[in-house]
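Working notes for the structure below.
The values are calculated or read from the model by the stated rules, or taken from the named source; none is laboratory data. If you're wondering where the values come from, they're calculated on a predicted model, not measured in any experiment. Neighbour counts are summed over all protein chains in view; Cβ atoms, including those assigned to glycine, are modelled from backbone coordinates with ideal geometry.
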Amino acid sequence: MAKYGYDDTPFLPNTKWRVHDSNRPQPPVIWPGWFSTQEAPGEPPSDAIILFDGKDLSKWVSVKDGGPARWKVENGYMEVVPGTGDIQTVEEFGDCQLHIEWAAPAEVRGEGQGRGNSGVFLMGRYEIQVLDCYENPTYADGTTAAVYGQYPPLVNACRKPGEWQVYDIIWLAPRFDENGNLIRPAYVTVFHNGVVVHYHTPLFGPTTHRATLPYQPHPPVGPLRLQDHGDPVRYRNIWYRPLRGYDGEPEWRDWTPIVMALRG
Ligand code: MG
């Protein structure tokens, strides 16, 4: 196999790799897919795990009773059937890149939190708000793409009701030690329609209405949950990619020893 790089360069601080290390593995090759348009969903990257491809809800269950998800599926999207309750994935996952597209009802009804409300709950506990905030004010930490009850988005990047919108989310799950003590909060980065609205934002704990909740220890994986808030919100093209080092590096970097090494 051809070798590229160098074997006589200095080591990067606190790592096993030299600058331009000839032994450093190549990143795996994937096909990056295609972006969506208003007319059609795009194609996920070739290494994505698909949670909803527009055809059926086989990867989802009802939160209420664990039975089949009873939301409507048609024309390549799923739609909340008010009263059937939240749905969640059978699959559980933690640190990830999550892609999810949604559309608020084209027929505008209600105001504030009552207009096109749904939600994307990471690990079933931490909500990125889905709401129609196109010319629809509400409390800032409950607007579209807010970390509900904690952080407003940096900007309101809403499209009009009925138009497809995209959340691209980088999720880092919280970590607990063996005694259940929090050792790292959850961090979230969110792009709404391609615009960054949160970056590496530490969550205070699970999200809820009119209260604060402390972190409760939970496993490093959990289901993705979508909210039935009584509005027929639509979803399509839902996939995720687990986040991990490609060559056995830690899934998240502990910078402390790196900073110590840099200080000398
Ligand atoms: Mg909501």
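Just a few scattered comments:
- Candidates are the residues of segment 175-228 that are over 17 Å from residue 127 (Cα atoms) and of a type in the set (Asp, Glu); the one that is nearest to the ligand (Cβ to nearest atom) is 177.
- Considering segment 58-103, the residues that are modelled with pLDDT of 95 or more and acidic (Asp, Glu) include one that is farthest from residue 186 (Cα to Cα), namely 74.
- Scanning segment 1-46 for residues being among the acidic types (Asp, Glu) and either touching an Asp or Glu at 6+ places or on another chain (Cβ under 9 Å) or in the same structural domain as residue 242 (by TED's automatic domain parsing) (or both) gives a total of 2.
- Extreme residue, surrounded by the most Cβ atoms within 10 Å (Cβ to Cβ), among residues of segment 224-257 that are at pLDDT 70 or above and assigned to a helix (DSSP H, G or I): 257
- Flag if residue 166 is in a strand (DSSP E or B), within 26 Å of residue 89 (Cα to Cα) and more than 13 Å from the ligand (Cβ to nearest atom): yes
- Wholly enclosed strands (runs of 3 or more DSSP E) of segment 80-157 bearing at least 1 residues touching a helix residue (DSSP H, G or I) at 6+ places or on another chain (Cβ under 7 Å) and away from the ligand (no atom under 11 Å from the Cβ): none
- So residue 167, is it closer than 15 Å to residue 103 by Cα, in the same structural domain as residue 86 (by TED's automatic domain parsing) and in contact (Cβ under 8 Å) with a residue 24 or more places away in the chain: yes
- Qualifying residues in segment 105-120 (those that are over 14 Å from residue 143 (Cβ atoms) and more than 24 Å from the chain's Cα centre (by Cα)) - the one surrounded by the most Cβ atoms within 10 Å (Cβ to Cβ): 108
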